[in-house]
Amino acid sequence: MGIQISPSILTADLARLAEAAAAVEPDADWLHVDVMDNHFVPNLTLGLPVVESLLKATALPVDCHLMIDDPDRWAPGYAEAGAGSVTFHVEAAHAPVRLARELRRLGARAGMALKPATPVEPYEDLLPELDMLLLMTVEPGFGGQPFLDVVLPKVRRARQLIDRYGGQVWLQVDGGISPATVERAAAAGADVFVAGSAVYAGEDPAAVVRALRAGAEAAAAAGA
Ligand code: DX5
Ligand code: ZN
């Protein structure tokens, strides 16, 4: 599939979500939507009604990142609504295999996210159940935090596990991704890049998306 960029609307103007989506639509591969419930993370953002409206307002496929307790109960609704990808946190899921299968059955790509301190090795056998593994490169909950280089060895190990498995599992990184950090994440083996503040803090979101893609592609090619 190659390199993909998924701008996060978390730091966009939340009263103008359709405009935020339109600003990156020709250049981005996905639109990343951060759902937070003030339980799994200490922050509250938006939920299914807003995602349903956004799905109608953009042609981009929506990449829902659910930072919520009890995703077993709530995540399938995002797949039913039409999100192209639904990612739950393994730390919060009661039955991750059952949930991943349910998401796929409902037509979404199934993603599983790990916080920075959650090891990836215990989940090697789950890779055939997943379409994407998300390794958080900040503690989830807020945009604008600095990239955690301490996660890079885990990104490299996850890349090895995915390559050994041999199936199509995308490796997403989320948190602190900018033109200054995207290359080291790509060199470590990530192929889907979420960026919030780097994209929406400036004047030209689309130009940042293009810069992220160029940086990631260059680093991936150098490592190939
Ligand atoms: C943080 C969210 C991220 C956030 C990233 O918990 O999952 O998607 O929007 O924001 P930046 O790119 O600013 O770190
Ligand atoms: Zn996110």
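Just to be sure before I move on: is ALA211 in a helix (DSSP H, G or I), near ligand 1 (Cβ under 8 Å from one of its atoms) and without any contact (Cβ under 8 Å) to a residue 40 or more places away in the chain in the structure I sent?
In short, no.
Going through the range 172-205 one residue at a time, which ones are more than 15 Å from ligand 2 (Cβ to nearest atom), within 18 Å of the chain's Cα centre (by Cα) and more than 16 Å from LEU135 (Cβ to Cβ)?
PRO179, GLU183, PRO205
Could you grab me the full set of residues in the range 64-115 that are among the β-branched types (Val, Ile, Thr), away from ligand 2 (no atom under 13 Å from the Cβ) and not in a helix (DSSP H, G or I)?
VAL90
For the range 161-178, which residues satisfy the criterion of being open to solvent by 20 Å² or more (accessible area, probe 1.4 Å), in a loop (DSSP other than H, G, I, E, B) and within 15 Å of MET1 (Cβ to Cβ)?
Listed by number, the residues that qualify are GLY166, GLY167, GLN168.
Need pairs with beta-carbon distance below 7 Å; first residue without any contact (Cβ under 8 Å) to a residue 40 or more places away in the chain and within the range 16-40, second away from ligand 1 (no atom under 13 Å from the Cβ) and charged (D, E, K, R); sequence gap 6+ or separate chains.
ASP37/ASP69; HIS39/ASP69
Would you check which residues across the range 1-26 are in contact with a His (Cβ under 9 Å, 6 or more places away or on another chain) and either more than 14 Å from ligand 1 (Cβ to nearest atom) or in a strand (DSSP E or B) (or both) and list them?
SER6, PRO7, SER8, listed by residue number.
Among the residues that make up the range 77-86, is at least one of them open to solvent by 30 Å² or more (accessible area, probe 1.4 Å), aromatic (Phe, Trp, Tyr) and farther than 30 Å from ALA214 by Cα?
Within the range 77-86, not a single residue is open to solvent by 30 Å² or more (accessible area, probe 1.4 Å), aromatic (Phe, Trp, Tyr) and farther than 30 Å from ALA214 by Cα.
The values are calculated or read from the model by the stated rules, or taken from the named source; none is laboratory data. None of these values were measured; they are calculated from a predicted model. Every residue, glycine as well, gets a Cβ built from its backbone with ideal geometry; the counts of neighbours run over all protein chains shown. Just the protein is used for accessible areas: all its heavy atoms, side chains included, with ligands, DNA and RNA removed. Shrake-Rupley method; radii C 1.70, N 1.55, O 1.52, S 1.80 Å.
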